[in-house]
Amino acid sequence: MAESKKSLIVCIINNGFSDLVMDAAVKCGAKGGTTFHARGTGNKDIEKFFGITISPEKEVVLIVVDEQIKDDVVLAIYQDAGLDTKGQGIIFTLPVEDFVNYKKK
């Protein structure tokens with residue numbers, strides 16, 4: 001049986017908005033994800049250029065999905081929590097080369 005290809009979706013979002021990311025992902029078929037807290041650093045000139053306030057307190061959401069639903073999940077996350085929202089999420093994907101899911105017997 002051939003394994004389906006997987007992708008890792010990474011979303012860096014303002015603190016307190018990770019539920020928006022997960023809700024959007026689950027609606028598109030994601031099974032779950034991992035969230036952790038982070039602290040961003042940035043150039044103050046970026047804030048002036050883009051006209052947005054950059055909060056240093058962030059959350060990072062990691063979601064592994066089948067390649068077939070990746071684009072749908074990314075689009076849903078962007079619409080609900082992307083740069084044009086209060087969450088100001090940045091989203092990118094990476095291919096997952098190996099994926100191991102052991103089940104105890």
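The values are calculated or read from the model by the stated rules, or taken from the named source; none is laboratory data. Only a predicted model underlies this, so the values are computations on that prediction, with no experimental measurement involved. Don't worry about glycine lacking a Cβ; one is built from the backbone with ideal geometry, like all the others, and counts go over all protein chains shown. Accessible surface is based on the protein model in full, side chains and every heavy atom, while ligands, DNA and RNA are left aside. Shrake-Rupley method; radii C 1.70, N 1.55, O 1.52, S 1.80 Å.
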Taking a 1.4 Å probe, which of Asp19, Asp84, Asp66 shows the most accessible area, and what order do the others take after it?
-> Asp84, Asp19, Asp66
Near Asp19, within a Cβ-to-Cβ distance under 15 Å, what is the net charge of the other residues, with Lys and Arg +1 and Asp and Glu -1?
-> 0
Can you flag which of Lys6/Lys86; Lys31/Lys58; Lys6/Lys27 are past 21 Å Cα-Cα?
-> Lys6/Lys86; Lys31/Lys58
